[in-house]
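First up is the structure itself, then whatever we jot down about it.
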Amino acid sequence: MTTFAQWEFTVDREATVAAYARAEIGGSASCNCNGCRNFAVARNSVYPPAFLLFLESLGIDFQKDGEAYHNACLSPGRHDYGGWFHFVGTLEKTGDFPPVAMSENFEAWLVSKGAPSLESFHGLPLVEVAFHATAVPWVLDEPEAM
Ligand SMILES: [Zn+2]
């Protein structure tokens, strides 16, 4: 059993790595709206090292999110986003636990799979890693999403 703060789960890292290898692109990279296009470019500066290490330990390819969504423009050049990833495994202990702050502007938590997964994960037992980022820069050379 592996833990993430108060959550307990099992992970099949090999199956997760294999499913990400079969997925050509992630959710944000496959959407054409300006919010997703911005995130696909900005994400390299958005995920804190602790989050990248956590994803790596699960076998998740950080470039292939299930989806990312633009919530709001908090101030010029600063945007609020949410999103999620999936990994193959089972969530053994979950609850209304507080999200884990992985930097001043980034938090993550686990939930039972509820949001759409990439096609290569269909039919597999999945756990969802959800995240909330509150300092995503606007890097596109076009008007900011509101
Ligand atoms: Zn989009």
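The values are calculated or read from the model by the stated rules, or taken from the named source; none is laboratory data. It should be emphasised that the depicted structure is a prediction, and the values quoted were computed from it without experimental measurement. Using ideal geometry, Cβ is built from the backbone for each residue, glycine included, and neighbour counts are taken over all protein chains shown.
Quick notes on this one:
- Only residues that are under 12 Å from Gly83 (Cα atoms) and modelled with pLDDT of 95 or more were counted across segment 112-133, and they come to 7.
- Subset of segment 117-146 [among the acidic types (Asp, Glu) and either buried (at least 20 other Cβ atoms within 10 Å of the Cβ) or in a loop (DSSP other than H, G, I, E, B) (or both)]: Asp141, Glu142, Glu144
- Selection of segment 74-92 for residues being more than 25 Å from Tyr20 (Cα to Cα) and not aliphatic (A, V, I, L, M) yields Ser75, Pro76, Gly77, Arg78, His79, Asp80.
- Taking the criterion of being surrounded by 14 or more Cβ atoms within 10 Å (Cβ to Cβ) and either in a helix (DSSP H, G or I) or near the ligand (Cβ under 8 Å from one of its atoms) (or both), the residues of segment 20-39 that qualify are Tyr20, Gly27, Ser28, Ala29, Ser30, Cys31, Asn34, Gly35, Cys36, Arg37, Asn38, Phe39.
- From the list Asp80, Asp61, the one residue that fits, being closer than 19 Å to Val139 by Cα and either surrounded by fewer than 19 Cβ atoms within 10 Å (Cβ to Cβ) or not basic (Lys, Arg) (or both), is Asp80.
- Among the residues listed as Val88, Val11, the single one being over 16 Å from the mean Cα position of the chain (by Cα), closer than 21 Å to Val111 by Cβ and either away from the ligand (no atom under 14 Å from the Cβ) or in contact (Cβ under 8 Å) with a residue 40 or more places away in the chain (or both): Val11
- Filter result for the condition that a residue is crowded, with 17+ Cβ neighbours inside 10 Å, over 12 Å from the mean Cα position of the chain (by Cα), touching a residue at least 40 places away in the same chain (Cβ under 8 Å) and outside any strand (DSSP E or B), over Ala42, Ala50: Ala42
- Going through (1) more than 15 Å from the ligand (Cβ to nearest atom); (2) without any contact (Cβ under 8 Å) to a residue 40 or more places away in the chain; (3) hydrophobic (A, V, I, L, M, F, W, C); (4) assigned to a loop (DSSP other than H, G, I, E, B) one by one, Ile60 falls short only on (2).
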